[in-house]
Amino acid sequence: MVGMTLVAALTDYMSVTTFRGTHMKRISLLDGIKTEDTVMPLKKEDQATGTMTEFIPSKKYLGDFHIDNDMVMDFLRNMSYIVEPDVELTLTLEDAPKKHKTTIMKAQGLSAAVKYMSSDLEFPPVEVKVVTEDYDLSIAFSYDKRVNNTEFTSYCNYVITDFGGTHETVAQQAICQYFTREAKRLEPNSKQEISFDDCKNGLLVAVNLEHIKPEFESQNKERVSNKFTGDDKKLIGDAIYNVMNNNSTVLKKAISYLRNVSKARQEANKIKGVKLVKQTTFL
């Protein structure tokens, strides 16, 4: 209710229409004052379920605010990664010169978010899902050697969490802990021992959290603060283990990539050591 009240206060015009099968209800406000509150029956051919919101941003409070087509398209692209498989997203433009141009976007799945982040992945994105009584957590990930550290795309209850949060942290920890353990198990005597930081290098992760009680750190809902316990981390780690260990080809590619990262790190450390000795001797 707070969010709806805020939107209504910052619009010159706002209308919310809900469709519930045989009936629809519409509430309209002009300058924050209710001008319409109606319930109407629907003809059989018009019956539907859903919500439609129309609004014009307030010039008084927001100035010449403009939501362009690219902003809307980018939002729909993000939603296409996390909506249910049978959902279609439709954008119809009403402004010239593209009036009445319609774009239909089908559900793509979370792996598509990782592919959007990079066109040079080390292996096809791996998808993992954990389902509990309180939340569903979906993760897709791969690696790109051109990327430093870890890059995220994340969501919580259909909100794009640009500033990350605990869902990103727990996903990264589970992935990196899995690879450090698995690399040691597969090659216990390897000279290129893989560290936790090696696993973060070049990691691309898409995370989608659906929680019955989501917690955010600000009104803008840009950062998630839900707590994850040790049991939660184990569930996610087990899910990654089950998926990866049933796909030996991808596992080998991932470990090979991480061995190269480890080797590059060790070589860099040797060079730093040589430079440090020379500087110390000279002084």
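The values are calculated or read from the model by the stated rules, or taken from the named source; none is laboratory data. Only a predicted model underlies this, so the values are computations on that prediction, with no experimental measurement involved. Cβ: placed from backbone, ideal geometry, glycine included. Neighbour counts: every protein chain shown. For the accessible areas, the whole protein counts, side chains as well, though only heavy atoms, and no ligand, DNA or RNA atoms are used. Shrake-Rupley method; radii C 1.70, N 1.55, O 1.52, S 1.80 Å.
So the values come out like this:
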quantity	calculated
Spatial separation of Cα centroids for the range 36-107 and the range 110-148, in angstrom	27
Vicinal HN-Hα couplings computed from phi for the range 38-46 (Karplus, 6.51 cos²θ - 1.76 cosθ + 1.60; Hz; Gly/Pro x)	10, 10, 9, x, 10, 5, 4, 6, 9
The range 1-134 - Rg and Dmax from Cα coordinates, angstrom	19.0, 57
Correct choice for percent of Cα pairs over 27 Å apart that was computed from the model, options (i) 61; (ii) 37; (iii) 55	(iii)
Charge context of P57, other residues only, Cβ under 13 angstrom, K/R +1, D/E -1	-3
Of all DSSP beta bridges in the chain, antiparallel share, percent nearest 5	85
Cysteines not pairable in the chain (beta carbon separation under 4.7 Å absent)	C156
Sparsely packed trypsin sites (Lys or Arg not before Pro) within the range 43-152, loop by DSSP, other Cβ within 10 Å at most 12	K43, K98, K99, K101, R146
Kirkwood hydrodynamic radius (C-alpha pairs) into Stokes-Einstein, the range 13-58, 25 °C and 0.890 mPa s, D in µm²/s	221
Among the listed pairs K115/K213; K184/K253; K34/K99; K145/K252; K106/K145, those beyond 21 Å (Cα-Cα)	K115/K213; K34/K99; K106/K145
Cα-based Kirkwood hydrodynamic radius, the range 87-161, one decimal, Å	15.1
Nearest-10 value in Å² for the accessible area of T166, using the 1.4 Å probe	40
Distance between the range 201-243 and the range 160-195 - C-alpha centres, whole angstrom	14
